[in-house]
Amino acid sequence: MSSDQPKKEISAIKGTHDILPEEARLWQLAEARAREIFELYGYRELRAPVIEPTELFEKGTGASSDIVTKEMYTFVDKGGRSVTLRPEYTPSVVRAIIEHRLDLQSQPLRYYYMGPMFRYDRPQKGRYRQFHQIDIEVFGEKDPAVDAEIVEMAHRLLARLGVEDVLTLVNSVGCKKCRPAYGQELRQAALAARDKLCPDCQRKAEVNPLRIFDCKNEVCRQVASGFPLIIDFLCAECRDHFHKFREYLDLYGIEYRVEPTLVRGLDYYTKTAFEIVAEHLGAQNAICGGGRYDDMVREFGGPDLCGIGFAMGLERLLSVARIQVPKDSFVYFAYLGDQAKKESLRLARVLRSEGIECLVEFRDRGMKAHFSRANKLGADWVLIIGEDELKKGKYQLKDMVNSRQFEGSALELAGIIKGKKILEIG
Ligand code: AMP
């Protein structure tokens with residue numbers, strides 16, 4: 001391109017977004033609270049790569065799911081391999097368990113993770129192409145008490161983030177034993193109503209009629225409301241599991257609604273499926289979705305290890321969270337002359353070692369300019385270093401919030417700053 005052509009701004013890819021520092025503070029806080037809560041329940045972080053072999057999702061997420069058929073960021077890398085930016089996290093954890101033989105460790109295994117996921121979907125409010133999930137998984141625990149415990153853990157996190165007005169929807173999607181009979185009935189009903197369905201659901205009627213329940217099209221929803229429901233086809237084991245799951249939810253005092261058409265967009269669920277929706281979020285109101293997947297590890301060639309988990313969308317979560325980031329507290333260095341600059345550098349090292357945030361800037365400023373800069377930045381403290389202070393080896397510390405001034409050595413002042421911090425926190 002010739003250099004005299006007008007320059008075109010390069011912007012972020014559609015459906016992706018920057019998280020700028022002020023907002024990132026909120027993300028950090030939400031992530032820290034999630035981490036804290038998950039660890040309280042014995043979960044530990046497992047970090048898997050963002051990029052995986054495409055077949056992992058074709059096999060795991062399911063070849064007929066919307067994610068795999070329409071939404072994957074898949075490309076061939078320079079080595080000729082088909083790779084995919086992960087659209088969800090569960091298949092990666094399953095791969096990691098099998099690859100590292102984590103199943104040999106004592107069970108249950110409890111993992112959590114936070115990070116970006118990628119789906120080539122139509123961007124809109126609450127739906128992005130790169131979005132972020134908080135994800136937890138438990139392996140090797142078949143007791144329905146754990147199904148309820150993860151729902152309770154999700155609720156605890158939502159409460160810690162000040163999220164109100166949520167609704168918990170639960171269902172059972174059956175298992176290998178009871179789903180085939182249901183599948184047949186459902187397919188018959190779907191094929192009989194085929195002409196009324198949207199083209200996408202016409203295809204689903206053939207390959208995976210369960211997915212019709214996910215369609216947002218009003219006519220399809222209307223038609224699907226007359227379809228048979230899985231709940232009426234559950235085998236004794238699934239019925240018992242669902243019953244106990246709900247009993248444990250009652251024990252935790254968690255209100256929920258049984259939603260017989262809740263099948264979730266993924267193929268691998270067995271038994272429990274649930275979703276937590278924020279009532280005033282509009283069309284994209286699901287903030288958390290999860291369920292059990294008792295066959296997945298085995299279907300990947302691993303051991304017979306049942307699993308359950310949930311994923312929360314951080315963007316949606318933060319759009320309804322009511323959290324406040326504490327104000328940053330830091331010391332601004334107001335120095336005059338080269339000697340004092342050097343002393344500032346030395347002092348800042350001491351204070352930072354004491355865990356105090358310091359800002360030393362290198363523009364030549366007079367004392368007045370220093371103070372107006374400190375005010376603009378919102379500094380809590382200004383450390384003044386002029387000729388007198390250099391001579392005495394004692395410095396002036398101005399408390400910008402309470403307009404008080406102290407004099408002392410670096411460590412004495414550090415004590416004052418930290419003491420105030422402790423007082424404020426306490
Ligand atoms: P799923 O993996 O589809 O069950 O999604 C779990 C959660 O991730 C949802 O409840 C949403 O909060 C969030 N989520 C899913 N897809 C998107 C997206 N495209 N943009 C933003 N958040 C999403």
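Overview of values
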quantity: For the chain, built as a Gaussian network whose Cα springs stay under 10 Å, the top-fluctuating residue of ASP77, ASP200, ASP165; calculated: ASP77
quantity: Long pairs among LYS142/LYS271; LYS142/LYS177; LYS368/LYS392; LYS327/LYS376, criterion Cα-Cα beyond 18 Å; calculated: LYS368/LYS392
quantity: Protection proxy ranking, peptides 292-301, 48-57, average beta carbon neighbours within 10 Å, highest first; calculated: 292-301, 48-57
quantity: Alpha-carbon centroids, region 115-154 and region 49-84: separation in whole Å; calculated: 19
quantity: Region 168-322: C-alpha gyration tensor shape, a/c 1.5 cut-off, then a/b vs b/c; calculated: oblate
quantity: Using a Förster distance of 30 Å, the FRET efficiency for SER372-GLU31 (Cβ separation, nearest 0.05); calculated: 0.30
quantity: Region 179-233, accessible surface, carbon-and-sulfur percent (1.4 angstrom probe); calculated: 50
quantity: SER319-LEU345 pseudo-label distance in nm [points 7 Å out on the Cα-to-Cβ vector]; calculated: 4.8
quantity: Three-way shape label, the chain, alpha-carbon gyration tensor, a/c 1.5; calculated: prolate
quantity: Carbon and sulfur %, accessible surface of region 331-417 computed with the full protein complex present, 1.4 Å; calculated: 49
quantity: Distance between region 207-261 and region 319-349 - C-alpha centres, whole angstrom; calculated: 55
quantity: Per-peptide average of other Cβ atoms within 10 Å, ordering 332-339, 78-85, 388-395 highest first; calculated: 332-339, 388-395, 78-85
quantity: Carbon/sulfur fraction of accessible area - region 1-137, other protein chains in place, 1.4 Å, %; calculated: 52
quantity: Cα-based shape type of region 341-419, given that a ≥ b ≥ c are square roots of the gyration tensor eigenvalues and the cut on a/c is 1.5; calculated: rounded
quantity: Average accessible area per residue (Å²) across region 94-242 - probe 1.4 Å, nucleic acids and ligands excluded; calculated: 47
quantity: Simple spin-label estimate for GLU23 and GLN222 in nanometres, 7 Å along Cα-Cβ; calculated: 3.8
quantity: Net charge of Cβ neighbours under 9 Å - reference TYR89; Lys, Arg +1; Asp, Glu -1; calculated: -2
quantity: Of VAL207, VAL263, VAL320, the one that fluctuates the most in a GNM where the chain has Cα springs shorter than 10 Å; calculated: VAL207
quantity: Computed helical MRE - 222 nm, the chain, DSSP H runs ≥ 4 contributing -39500 (n - 2.57), nearest 500; calculated: -11500 deg cm²/dmol
quantity: Label point distance in nm, LYS418-LYS14, each placed 7 Å from Cα along Cα→Cβ; calculated: 5.4
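The values are calculated or read from the model by the stated rules, or taken from the named source; none is laboratory data. Given the structure is predicted, the values throughout are model-derived calculations rather than measurements. Please note: Cβ atoms are built from the backbone with ideal geometry, for glycine as well, and neighbour counts cover all protein chains shown. In case anyone asks, the SASA skips ligands and DNA or RNA and just uses the protein heavy atoms, side chains included. Shrake-Rupley method; radii C 1.70, N 1.55, O 1.52, S 1.80 Å.
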